[in-house]
Amino acid sequence: MVAAACSFALMAASSKMLPELPSFEKVFVRSLISVVLTLAMIRSAGNWTPPKRVGVLFWRAVFGFIGLTCYFEAIDRIPLGTAVTVYNMTPLFAALVGLLFLGEGLKWLQSLSLLVGLGGVALIKGFTPEVTWNGVLFALGTAFFSALAYSLIRVLNRTEHSLTIVLAFPLVSIPLSLIGGAHEFVWPQGMAWLWLLALGLATQSGQVCLTHALKYHTASRATQIGFVGVIFAMLLGSLMGDGLPGWAQCLGAGLVFLSLRLGR
């Protein structure tokens with residue numbers, strides 16, 4: 001799980017190093033690399049079965065596509081550690097989605113945790129000048145649409161092979177990113193090719209490590225360990241020019257982590 005958190009932080013850092021490329025283009029390259037690697041994994045798996053719930057797979061991929069696009073937009077607008085911190089509110093939004101769409105109950109402590117988490121985000125924004133409102137909103141969009149996608153994954157896990165769920169995401173993201181970003185395509189130059197490759201490989205590594213970790217840990221425990229990704233992201237962000245996090249960012253991140261703890 002630590003390796004997964006590190007991989008996802010490297011994915012975010014790679015995106016941060018490509019400010020000249022549109023988010024749709026980053027999603028396209030990431031999806032293309034994921035398709036190639038996932039097809040290779042399916043070929044070696046030997047026990048893959050065709051999809052049974054194509055419609056649900058499609059919407060899981062659409063929500064994941066929107067969430068990933070929002071994530072890359074947030075990373076371009078606010079410090080790396082802040083973007084990753086806000087993204088970590090996904091489990092709280094997942095509880096809200098479960099209440100609204102899946103008929104799951106929401107305990108009073110989970111409701112309180114949502115307010116505490118949003119308070120942490122407001123604290124980061126209110127006292128950190130380099131954190132813009134549009135960046136925060138994109139990061140919150142990432143958490144919300146990722147929560148929708150994760151909720152559908154919970155439904156799909158009952159009938160679908162795990163690699164089928166993984167493959168559906170890039171297969172849908174490729175045409176959507178082409179439609180959305182064809183008019184603003186920028187041909188990568190020099191080191192941009194290496195950062196794009198790093199982005200794709202780090203994403204795939206994170207997915208594989210996460211899947212492996214969930215064989216040995218509960219989802220809540222895995223998420224807790226995954227918080228080290230925020231530390232990785234803040235360190236990487238400092239090396240990339242974001243500077244050290246201020247007191248508001250640290251205190252806001254602490255409230256977000258507290259809210260996640262309360263929401264379990």
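Taking Cβ atoms as reference points and 10 Å as the exclusive limit, the residues near residue 18 contribute a net charge of -1, counting Lys and Arg as +1 and Asp and Glu as -1.
Count charges around residue 155 for me, please; just the other residues with Cβ under 11 Å from its Cβ, Lys/Arg as +1, Asp/Glu as -1. That works out to +3. For segment 142-147, putting each phi into the Karplus relation 6.51 cos²θ - 1.76 cosθ + 1.60 with θ = phi - 60° gives couplings of 4, 5, 5, 5, 5, 4 Hz, in residue order, rounded to whole numbers and with x for Gly and Pro.
What the chain shows is 48 Å² of accessible area per residue, with the surface traced by a 1.4 Å probe over protein heavy atoms. Multiplying the residue separation of residue 247 and residue 184 by 0.36 nm and subtracting their alpha-carbon distance yields 18.9 nm. A simple rule links phi to the HN-Hα coupling: the Karplus curve 6.51 cos²θ - 1.76 cosθ + 1.60 with θ = phi - 60°, which for segment 168-185 gives 4, 4, x, 5, 7, 5, 4, x, 5, 5, 5, 5, x, x, 4, 6, 10, 4 Hz, with x for Gly and Pro.
If R0 equals 30 Å, the separation of the Cβ atoms of residue 52 and residue 100 corresponds to a calculated FRET efficiency of about 0.75.
What is the percent carbon and sulfur in the accessible area of the chain, measuring with a 1.4 Å probe over the protein chains and ignoring ligands? After summing per-atom areas, the C and S share lands at 72 percent. Each of the peptides 50-63, 14-27, 68-81 was scored by the mean count of other Cβ atoms within 10 Å over its residues; in descending order, highest first, they stand as 68-81, 14-27, 50-63. You can think of it this way: the chain between residue 20 and residue 45 has 5.2 nm of extra reach, that is 0.36 nm per residue less the Cα-Cα gap. Backbone geometry of segment 55-65 corresponds, through the Karplus equation with coefficients 6.51, -1.76 and 1.60 at θ = phi - 60°, to 3J(HN,Hα) couplings of x, 5, 4, 4, 5, 4, 5, 4, 5, x, 4 Hz, x marking Gly and Pro.
The values are calculated or read from the model by the stated rules, or taken from the named source; none is laboratory data. Source: prediction; values computed, not measured. Using ideal geometry, Cβ is built from the backbone for each residue, glycine included, and neighbour counts are taken over all protein chains shown. These accessible areas exclude ligands, DNA and RNA; they are computed on the full protein's heavy atoms, side chains included. Shrake-Rupley method; radii C 1.70, N 1.55, O 1.52, S 1.80 Å.
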